[in-house]
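One structure below.
The values are calculated or read from the model by the stated rules, or taken from the named source; none is laboratory data. Since this is a predicted model, take the numbers as computed values, not measurements. In this analysis, Cβ positions are derived from the backbone assuming ideal geometry, glycine residues included, and neighbour counts consider all displayed protein chains. Please note that ligands, DNA and RNA were not included when accessible areas were found on the heavy atoms of the full protein model with its side chains. Shrake-Rupley method; radii C 1.70, N 1.55, O 1.52, S 1.80 Å.
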Amino acid sequence: AAGAALATIGAGRAITGLVRVGKEIESLQIRFKILFGSAEEGGKAFDNMAKFASKVPFSLAEIQRGSGSLAVVSDDADHLAKLMEITGNVASITGLSFQATSEQIQRSFAGGIASADMFREKGVRQMLGFKMGATVSIEETAVAFEKVFGKGGKFGNATDELAKTLTGTVSMIGDKFFNFQRAVGEGFFDVLK
């Protein structure tokens with residue numbers, strides 16, 4: 001009887017996990033579809049996000065929470081993928097969460113680097129090469145982030161280095177389990193709805 005009860009509890013948790021993952025995925029896909037103007041571009045953005053999560057030290061759930069902020073200042077799914085890489089590098093250097101870094105990058109790209117209070121405290125303005133009190137345009141801010149934190153930049157491989165740590169490995173294992181739940185739950189979630 002105890003074994004049957006434990007099996008029932010385990011099955012209940014598995015189903016609850018599948019439903020939770022299905023709800024998260026569906027919600028984010030709808031947001032991407034609306035922000036990028038088509039289901040195809042929204043799906044591409046989601047696939048890019050899942051691919052990014054599988055190789056970085058941030059959980060897919062954390063990346064999902066931050067990607068909405070980045071999507072607002074992205075032109076398309078490919079631009080969002082580039083911004084996720086930059087965000088990962090900034091988060092790795094500053095120690096901020098991926099979500100907080102995403103919000104600060106969104107502020108920087110929408111209102112200039114002066115709008116990002118947390119970045120001021122972490123020295124990101126100085127890393128970008130901006131002087132205190134200098135007026136910097138939104139375009140200059142975006143170019144500086146790409147140059148310093150993008151591929152080939154001074155801090156362009158910070159996420160890769162952090163991914164090699166134990167924290168990064170554990171995060172990637174969790175993301176693989178999430179992707180497993182996603183794959184198993186795709187048919188199940190549609191039937192449940």
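A Cβ distance below 9 Å, combined with a sequence gap of six or more or placement on separate chains, defines the contacts here; from segment 47-73, residues that are in a loop (DSSP other than H, G, I, E, B) reach residues that are of a type in the set (K, R) in the pairs S54/K176; P57/K164. Name the residue that is modelled with the highest pLDDT, counting only residues in segment 16-27 that are under 15 Å from R65 (Cβ atoms) and either in contact with a Lys or Arg (Cβ under 8 Å, 6 or more places away or on another chain) or among the hydrophobic types (A, V, I, L, M, F, W, C) (or both). Here the residue is I25. Screening segment 90-107 for residues that are over 11 Å from the mean Cα position of the chain (by Cα) and hydrophobic (A, V, I, L, M, F, W, C) and picking the one that is most open to solvent (accessible area, probe 1.4 Å) gives I93. Going by the conditions given, is G133 closer than 17 Å to A61 by Cα, over 20 Å from the mean Cα position of the chain (by Cα) and either at pLDDT below 85 or open to solvent by less than 40 Å² (accessible area, probe 1.4 Å) (or both)? For G133, the condition - closer than 17 Å to A61 by Cα, over 20 Å from the mean Cα position of the chain (by Cα) and either at pLDDT below 85 or open to solvent by less than 40 Å² (accessible area, probe 1.4 Å) (or both) - is not met.
Can you name the residue in segment 97-126 that is modelled with pLDDT of 90 or more and of a type in the set (A, V, I, L, M) and, of all such residues, is farthest from F145 (Cα to Cα)? Out of the qualifying residues, it is A100. Check whether at least one residue in segment 82-89 is small (G, A, S), out of contact with any Phe, Trp or Tyr (no Cβ under 9 Å at 6 or more places or on another chain) and either part of a helix (DSSP H, G or I) or open to solvent by 30 Å² or more (accessible area, probe 1.4 Å) (or both), and report yes or no. No, segment 82-89 contains no residue that is small (G, A, S), out of contact with any Phe, Trp or Tyr (no Cβ under 9 Å at 6 or more places or on another chain) and either part of a helix (DSSP H, G or I) or open to solvent by 30 Å² or more (accessible area, probe 1.4 Å) (or both).
Restricting F119, F149 to those that are of a type in the set (F, W, Y), open to solvent by less than 60 Å² (accessible area, probe 1.4 Å), in contact (Cβ under 8 Å) with a residue 60 or more places away in the chain and closer than 23 Å to S67 by Cβ reduces the list to F149. Exactly one of (1) open to solvent by less than 50 Å² (accessible area, probe 1.4 Å); (2) free of Cβ contacts under 8 Å to residues at least 24 places away in the same chain is unmet by V124. Its number? Against the list (1) open to solvent by less than 50 Å² (accessible area, probe 1.4 Å); (2) free of Cβ contacts under 8 Å to residues at least 24 places away in the same chain, V124 comes up short only on (2).
Select from segment 28-78 the residues that are within 18 Å of T101 (Cβ to Cβ), open to solvent by 80 Å² or more (accessible area, probe 1.4 Å) and at pLDDT 85 or above and list them in ascending order. Matches in segment 28-78: V72 only.
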